[in-house]
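Following: one structure in structure tokens, then a few remarks.
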Amino acid sequence: MKKYSLVLFLVGILLVSGVLTVLAAEAPVTITWWHIEIVENQIALWQGLADKYMAAHPNVTIEITGYENENFKTKLTTVMQSGAPPDLFQSWGGGVMNEYAKAGLLLDITAYLDKDGWRDTFAPGALGVYSFEGKNYGVPRDMGMVGFWYNKELFAKAGINNPPATWTELLADVQKLKDANITPIALGEGDKWPGAFWWEYLATRIAGQAGFTEAYSRKGSFTDAPFIQAGEKLQELVALKPFQSGFLGATWGVDEPTLMGNGEAAMDLMGQWAPGAFNDSSTDRKGLGDKLGWFPFPMVEGGAGGSADALGGGNGFAVGKNAPPEAVDFLKYISSVDSQVAQAKIGLSLPVVAGAETGVTDPMLKLVQQGTAAAKYFQLYYDQAMPPAVGSVVNDSVQGLFAGTLTPEQAAQAIEDSAAQEIK
Amino acid sequence: MKTTLVGEDVVVLSKKTRSTRRLQGRMTIVLFLLPALALFLIFLVYPIFQSVYYSLFNWKGFGPAVDFVGLDNFKRILTDQIFLKSVGHGLLIVVLSLSIQLPLALALALMMGRSLRGRAFFRTIFFMPYILSEVITGIMWMILYNPNPNRGFVNAILTLIPGIKAIPWLGNTSTVLMAIFIVLTWKFFGFYMLLYLAGLQNIPPEVEEAALIDGVNNRQMITHITIPLIGSTIRTSVYLSVLGSLQVFALVWIMTKGGPVNASEVMSTYMYRFSFVRFQLGYGSAVAIVMLLISLVFSLAYRRLVRQTDYLN
């Protein structure tokens, strides 16, 4: 009898748990949301928005997971290959997002955008980054450009009165900083993409929009003269040894912002999210305050690109294929003007929604936003604009330029080989 | 008339029962092995066959594999400088492990084996690194190796020595592999030490006592008695160490991702980058198959080599 009662007990538990699972599944909606904010007040902002939405919609549960940038890329890849994407997740748009769209892993939200004029609230250029073959798969929240964040105090100490306007001036300023015993540039080249910004900007300044379009459309090649020259210019910089010790193994997540935030390096070529990171990584959590300045990437003498051309990108959220309609509704909620103003106030996003520019109070970020808006040619970071394999080769090859293990010709050839294979 | 040859009948009957019993015995064995076999087939054998299949394609990882390229991936692997470099690094780690890590673990085990005061304490702290996850270990050592003496413990100690400047351990192509090997040794020597300790327990004390009576000194005891008697443990540890060194992944990926500029590249980081960063899973699968073949060749050769010594005993 004892044996049978045990078996009955186990079966009973199985039945009860099965029933409970079924019951639970029928009731509320759960939305999974993955973002990449690790700065405290930024995490709090997202959580706050989720809490307000959940209070207004009691049947919706929003499960938020915040990842560090590199971890997110790893995690997302695994989850994409298993075919079960999260409902809302961080996306930089462009080539990587296009791969997911091609594989049918994203939800087509074109219809949602067309309803009630939601589409018109966004800056068209920014929204376009999150579309593929005429269909929309996500929305932006932030679009900006990469530029130089610099420590005004350290520049003054080295005797630099004005930020450099040309590449030659930049090299001269680097030398002045070295002479004053200040680390000129903070660079986390272990992550590879921070260094890629340097080469990509040089290529943008030298090749211009025409040069990039030629190579990318496969009419030309990434071994054309401008791309080799970009490598040569980069070598000029590397030869001055302007980076902190051990920069080839340093990371963006920890080393770069710590150096800048604590005033141990003079400048950092980075995107619009930099100030928040500098503050968070500094020892006193306050960062540089008004010692922080910004200037755009200098002009390169003889380059075909315009001095106002911008390399940049932004952040947004893509929608996974299994997302319920409530997820898109929540996405609309966090894209509202109020939300964008709140994001701008804490330096999380440079708004892309009309009317939210007023939220940008920081004079530095205003400069970035104005620069972005004024750019005639806006180039998305190469490792997002092009297919992931090519982007990865760009990052790896540029690291070779920084380490001196690749010549400009070899780096350009590696990129060209990858582009020839991947871009068809 | 029925003639009952009782004796033969009994013999025949019991033969039948014996063979049925043997069959039943075999069935029980098969039944108990079945779950483990099923897991083995589903999670080990089947994915390997899938990998072999995908290695013949150019495949992004999403959707079905359609771009058949045959053995092109394998040709590419064998001609890629970076892959050959990664194999070289793997072999270097194997050699270093066998010549530094294992002897260190053995020496410690021999010391621990004696009645040393605080044996249990030392055993515990030497084994602790092994308990940490590889990811935590990697992150911890990244902090320890920070090139700034104000933040990195290793450099803080180093710069105390007059004249020595801080070394960027993970940022310098000439020191990065050594730095990673130090972490590997730190992490795994405790495991091998415990393995050897267990082996030492199995030496019958009478043998040692007899040797002592015969007047052997310490060195002779170790080289002629102790080590030969834990021979099979040593052979097992060599086997585990070589395979582990060939396949090391998490520590390297966390600390350097194989960089800078492939200076710490190993086969597994190479495979990972092509599969999950560049989305070229067909090529990555081919790398995985090559890794499997290398490990398999070593494994079979080694087993054959030590078979005489261990199995005939």
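Just a few scattered comments:
- Above-threshold pairs, the threshold being 21 Å between Cα atoms, out of A:LYS52/A:LYS332; A:LYS286/B:LYS165; A:LYS157/A:LYS178; A:LYS176/A:LYS241; A:LYS152/A:LYS178: A:LYS286/B:LYS165
- Listed residues A:GLY289, A:LEU202, A:PRO275: farthest to the positive end of the dipole of the range A:163-310 (Cβ charges): A:LEU202
- B:ILE227-A:ASN262 pseudo-label distance in nm [points 7 Å out on the Cα-to-Cβ vector]: 4.7
- Ordering A:LEU237, A:PHE247, A:ILE160 by the projection of their Cα atoms onto the charge dipole of chain A, which places +1 on the Cβ of Lys and Arg and -1 on the Cβ of Asp and Glu, puts A:PHE247 at the extreme positive end.
- Per-residue mean of foreign Cβ neighbours for B:162-174 is 3 (Cβ atoms of other chains, 10 Å radius).
- Distance between the range A:209-253 and the range A:311-368 - C-alpha centres, whole angstrom: 31
- Alpha-carbon centroids, the range B:19-70 and the range A:123-194: separation in whole Å: 52
- A:SER336-B:THR20 FRET efficiency (beta carbon distance; Förster radius 60 Å; 0.05 resolution): 0.15
- Potential extension, B:ASN218-B:VAL297 segment - 0.36 nm per residue separation minus Cα distance: 24.6 nm
- Label-to-label distance, B:ARG114 versus B:ASN202, with points set 7 angstrom from Cα along the beta-carbon direction: 2.5 nm.
- Lys/Arg +1, Asp/Glu -1 at C-beta; chain B dipole; positive extreme among B:LEU293, B:PHE49, B:THR137: B:PHE49
- Here the range A:334-424 is treated with +1 on each Lys and Arg Cβ and -1 on each Asp and Glu Cβ, and its dipole about the Cα centre works out to around 360 debye.
- As a length-normalised measure over Cα pairs under 8 Å and 6 or more apart, the relative contact order of chain A settles at 24 percent.
- Mean separation of Cα contacts under 8 Å, 6 or more apart, over the residue count of chain B: relative contact order %: 27
- Take every Cα pair under 8 Å whose residues are at least 6 apart in sequence, average their separation, divide by the length of the range A:264-346, and the relative contact order is 16 percent.
- Its Cα centre serving as origin, the range B:7-133 has a Cβ charge dipole (Lys and Arg +1, Asp and Glu -1) of approximately 660 debye.
- When the alpha carbon gyration tensor of the range B:68-137 is reduced to an equivalent ellipsoid, the three semi-axes, largest first, read 42, 15, 8 Å.
- Computed from point charges on the beta carbon alone (+1 for Lys and Arg, -1 for Asp and Glu), the dipole magnitude for chain A about its Cα centre is near 620 Debye.
- Computed over chain A with a Gaussian network model linking Cα atoms closer than 10 Å, the most mobile of A:ASP362, A:ASP309, A:ASP173 is A:ASP362.
- Inter-chain Cβ neighbour average for residues B:72-84, partner chain, 10 Å: 0
- Convex hull volume of the Cα atoms of the protein assembly as shown, normalised per residue: 273 Å³.
- Sparse packing (at most 13 other Cβ atoms within 10 Å of the Cβ) combined with a DSSP loop state is found for the following GluC sites (Glu not before Pro) in the range A:82-189: A:GLU133.
FYI, it's all coordinate maths here, none of it is from the lab. Keep in mind that this is a model prediction, so the values were computed, not measured. For neighbour counting, all protein chains shown are included, and Cβ atoms are generated from backbone atoms with ideal geometry for every residue, glycine included.
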